[in-house]
Amino acid sequence: MSDLNTLKRKNREVSPGRQVVRCVPEAYGTHRYLLEVCLRDAAEQGPRLAVILKNPSTASALKSDPTIGKIEAWARRRNFAALLYVNLFAVRSTQPAPLNDWDYAYTVGPENDFYIREAVARADTIVVAWGNSNGIDPARYDRRIREVLALLDGCRLQAVGEPTRQGYPRHGLLWNNEPELSDFKYL
């Protein structure tokens, strides 16, 4: 546990005010269900942003990754105090295509829907940011999107910037040139 605390402290030194509040599971493994990051000192309050991405890559309780870094920079410029990251699929993979190699239920993860609901319930703003399928079987991908949208029925969903050419919400890694929030409608 002391190694974890040391790494968290170093992470805060790189990004003042940034603190990983919670990572489920905390130990790096095959799945990640939730990553909660505070962007300010703990005493400061402010709006919370839930971001629903495709699948987790390498970000954990101990380190960030390019997507998380890009989203956090965007959120800081818009004065968000905290971020709650969840994903369509909970299996960790640096590339989406390998998600086709596992059983559908395994890629989704047995606890994923629970943590998606939790993140959305705790957020002031909900942004969908899963991008194109990038190698995930289109039927599998669209099935999971429909399932998640059913979980979020009645929630105001937003996206950052214009949708992709395929009509999906722009992935967080592509939030370039200060794109703004707009309401998201699934085609």
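Assorted remarks:
- Residues residue 45 and residue 77, FRET efficiency given R0 of 25 Å [Cβ-Cβ distance, rounded to 0.05]: 0.85
- Stretch gain in nm, segment residue 102-residue 65, where the contour uses 0.36 nm per residue and the Cα spacing is subtracted: 11.0 nm
- Taking trypsin sites (Lys or Arg not before Pro) across the range 103-174, the ones in a DSSP loop with at most 10 further Cβ atoms lying within 10 angstrom of their Cβ are 156, 165.
- Other residues within the sphere of radius under 11 Å centred on the Cβ of residue 88, judged by their own Cβ, net out at +2 (K and R +1, D and E -1).
- Choice from 125, 94, 30 showing the highest fluctuation, given a GNM over the chain with Cα pairs closer than 10 Å: 94
- Listed residue (73, 49, 186) projecting farthest to the positive dipole end of the chain, Cβ model: 73
- Maximal additional length on extending the residue 28-residue 137 stretch stands at 36.6 nm, based on 0.36 nm per residue less the C-alpha distance.
- Radius 12 Å from Cβ of residue 151, net charge of other residues (Lys, Arg +1; Asp, Glu -1): -1
- In nm, spacing of pseudo-spin labels at residue 178 and residue 151 (7 Å Cα→C-beta vector): 3.4 nm
- The range 70-118 and the range 132-187: distance between their alpha carbon centers, rounded to Å: 12 Å
- Based on Cα contacts under 8 Å between residues 6+ apart, the chain shows a relative contact order of 21 percent.
Bear in mind that the values in this text are calculations on the coordinates, not laboratory data. Fair warning: this is a prediction, and the values are worked out from it, not measured in the lab. We place every Cβ from the backbone using ideal geometry, glycine too, and count neighbours over all the protein chains shown.
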